[in-house]
Amino acid sequence: MADTTSRLTSLKARITKLADMAGSDREGEARGLAAELSSELDRLMAETPAPSGGEPDRQRPPPKAPRDDVERCPVCSLRSFHFQKGSIRESADGGFEAFYRCGSCAHEGWREIP
Ligand SMILES: [Zn+2]
């Protein structure tokens, strides 16, 4: 984002210049600069990705769904321990884990995604 920062600094400098022009007789020049700043801000906004829900800006792969969405239940030992879609969260060791719920005995628990 170094490029964006330098462009924003440059924009800020020109806005200050624009403010200096206000009240003077350089109206045409001020209008031209305002239009230039406006289009540059439009470009910057188009390039800046939308915030992703307050997630920390870290380089890491997105969570992936577990390979098996049905596992053997640790309580009733039936193969009815179902992955609950959309339940993936970060685990304490930096990996990801998914929430499972047993369709037979209703046991619930988190499973590490390999
Ligand atoms: Zn069960």
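The values are calculated or read from the model by the stated rules, or taken from the named source; none is laboratory data. Keep in mind that this is a model prediction, so the values were computed, not measured. In this analysis, Cβ positions are derived from the backbone assuming ideal geometry, glycine residues included, and neighbour counts consider all displayed protein chains. When the accessible area is computed, the model is the full protein with side chains, heavy atoms only, and any ligands, DNA or RNA have been set aside. Shrake-Rupley method; radii C 1.70, N 1.55, O 1.52, S 1.80 Å.
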Inset, instruction - Kindly list, by first and then second residue, each pair from a residue in the stretch 73-84 that is part of a strand (DSSP E or B) to a residue that is hydroxyl-bearing (Ser, Thr, Tyr), limited to pairs with Cβ atoms under 9 Å and residues at least 6 apart or on different chains. - result: Phe81/Tyr100; Phe81/Ser104; His82/Tyr100; Phe83/Tyr100
Inset, instruction - Restrict the check to the stretch 67-85 and report whether at least one residue is within 21 Å of the chain's Cα centre (by Cα) and surrounded by 14 or more Cβ atoms within 10 Å (Cβ to Cβ). - result: no
Legend entry - Index of the failed condition, Cys105 passing every other in (1) in contact with a Phe, Trp or Tyr (Cβ under 8 Å, 6 or more places away or on another chain); (2) part of a loop (DSSP other than H, G, I, E, B): (1)
Inset, instruction - Could you tell me whether the stretch 53-64 includes any residue that is modelled with pLDDT under 85, open to solvent by less than 90 Å² (accessible area, probe 1.4 Å) and touching a Phe, Trp or Tyr at 6+ places or on another chain (Cβ under 9 Å)? - result: yes
